[in-house]
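S.K.: The structure that follows is given in the form of structure tokens.
Just so you know, all these numbers are worked out from the coordinates, no wet-lab data involved. In this text, all values refer to a predicted model and were calculated from it rather than measured experimentally. In this analysis, Cβ positions are derived from the backbone assuming ideal geometry, glycine residues included, and neighbour counts consider all displayed protein chains.
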Amino acid sequence: MSDQLENMLAGRLYHQTKDLLNSRFKARDLLYEYNHCHPRDMEKRTRIIKKLFGKTGESLFVEIPFHCDYGFNIEIGENFFCNNNCTLLDCNKIQIGNNALFAPNVGIYTAGHCIDPELRLNKQEYTAPVIIGNNVWIGANASVLPGVTIGDNVVIGAGSVVTKDIPDNCVAVGNPCHVVRQVNDYDKKYYFKGKKVSNNL
């Protein structure tokens, strides 16, 4: 492992090197192939995405187009569903639990740039991991920022910007994203704006 890769994964300041660029190009090669697959060729798509990611479950679906930086820093559990135009900026670890649902245009970002302009001009960067629990649904156009942990059984509302940790069993929305209520028995009876869940399911 190179010094700059070690610094990147440890959350220390680092700068881009030819080795890191080459790693990103390897990911881009796979992404190019993946994003140009025929939509019905699920066997090929699954094979490529499993080669790209560091760890996956058996069951996953990643809609085209999809974007990431390195791929090997992404670890997902079982039954992952990711809708179109997702970006997983995995300069550090992105760990996603079982049964995750990502709506269109979701962005998970582990990379950051320094506030001080001289450090930015010196091309110093940093990263922080993102951890997402089991049974999480992230709504369309939501952004999850570096260093955030999202607990189990969480719904993140569309358009939210998640800047801080979100605890288990809640609905959180907004910019900045904040908890608005707990998941409760009402949600077992009504699935959307007073519409009852059918017993015939």
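S.K.: Counting DSSP beta bridges with both partners in the chain, what percentage is antiparallel, nearest 5?
M.R.: Once the DSSP bridges in the chain are tallied, antiparallel ones form about 25 percent.
S.K.: Gln182 label point, 7 Å along Cα→Cβ, cut-off 20 Å on backbone N: hits in the range 129-151?
M.R.: Backbone N within reach: 133-137, 150-151.
S.K.: Within the chain, what is the longest stretch that has no trypsin sites (Lys or Arg not before Pro) placed in a DSSP loop and near at most 14 other beta-carbon atoms within 10 Å? Please report the intermediate quantities before stating the final value.
M.R.: On the way: sites that count: Arg12, Arg40, Lys123, Lys164, Lys193.
Looking at the chain, 41-122 is the longest stretch - no exposed trypsin sites (Lys or Arg not before Pro) with at most 14 other Cβ atoms within 10 Å.
S.K.: Label Thr17 and Asp116 with points 7 Å out from Cα along Cα→Cβ: what is the distance between them in nm?
M.R.: Here the modelled spin labels are 2.3 nm apart.
S.K.: Under 25 °C and 0.890 mPa s, how fast does the range 114-201 diffuse according to Stokes-Einstein, given a Kirkwood radius computed over C-alpha pairs? Answer in µm²/s, whole number. Walk me through the numbers on the way to the answer.
M.R.: Numbers: Rh = 14.8 Å.
Result for D is 166 µm²/s.
S.K.: Counting DSSP beta bridges in the range 26-119, what percent are antiparallel, to the nearest 5?
M.R.: Of all bridge pairs located within the range 26-119, approximately 0 percent are antiparallel.
S.K.: Could you work out the relative contact order of the chain? I mean the mean sequence separation of Cα pairs under 8 Å and 6+ apart, divided by the number of residues, in percent.
M.R.: 13
S.K.: Determine the sum of side-chain charges near Leu88: Lys and Arg each +1, Asp and Glu each -1, restricted to other residues whose C-beta is under 12 angstrom from that of Leu88. Can you show the working numbers first?
M.R.: Values: positive: Lys93; negative: Asp69, Glu75, Asp90.
Summing Lys and Arg as +1 and Asp and Glu as -1 gives -2.
S.K.: Please quote Rg/Rh for the range 3-187 to two decimal places, taking the Kirkwood radius as Rh and restricting both calculations to Cα atoms.
M.R.: In the range 3-187, Rg relative to Rh is 0.98.
S.K.: Would you compute, from DSSP H runs of 4+ residues alone, the mean residue ellipticity of the chain at 222 nm, taking -39500 (n - 2.57) per run and dividing by the full residue count, rounded to the nearest 500?
M.R.: On the way: 5 runs with 46 residues, N = 201.
My calculation for the chain gives -6500 deg cm²/dmol from helical runs alone.
S.K.: Oh, and also: Tally Lys/Arg at +1 and Asp/Glu at -1 over every other residue whose Cβ is under 11 Å from the Cβ of Cys177; what's the total?
M.R.: Once positives and negatives cancel, what remains is 0.
S.K.: Another one. Student exercise: in the chain, how many lysine pairs 8 or more apart or on different chains have Cα atoms under 29 Å apart?
M.R.: Lysine pair count for the chain: 24.
S.K.: Between beta-carbons, use under 11 Å as the cut-off and find the net charge around Ala111, counting Lys and Arg +1, Asp and Glu -1. Show your work: numbers first, answer last.
M.R.: Values: positive: none; negative: Asp69, Asp90, Glu125.
For residues surrounding Ala111, the net value is -3.
S.K.: Also, quick follow-up: Ser198 to Glu6: extension gain in nm, 0.36 nm per residue of separation minus the Cα-Cα distance? List each step's numbers first, then the result.
M.R.: Details: separation 192, 0.36 × 192 = 69.12 nm, distance 5.20 nm.
So the chain would gain 63.9 nm between Ser198 and Glu6.
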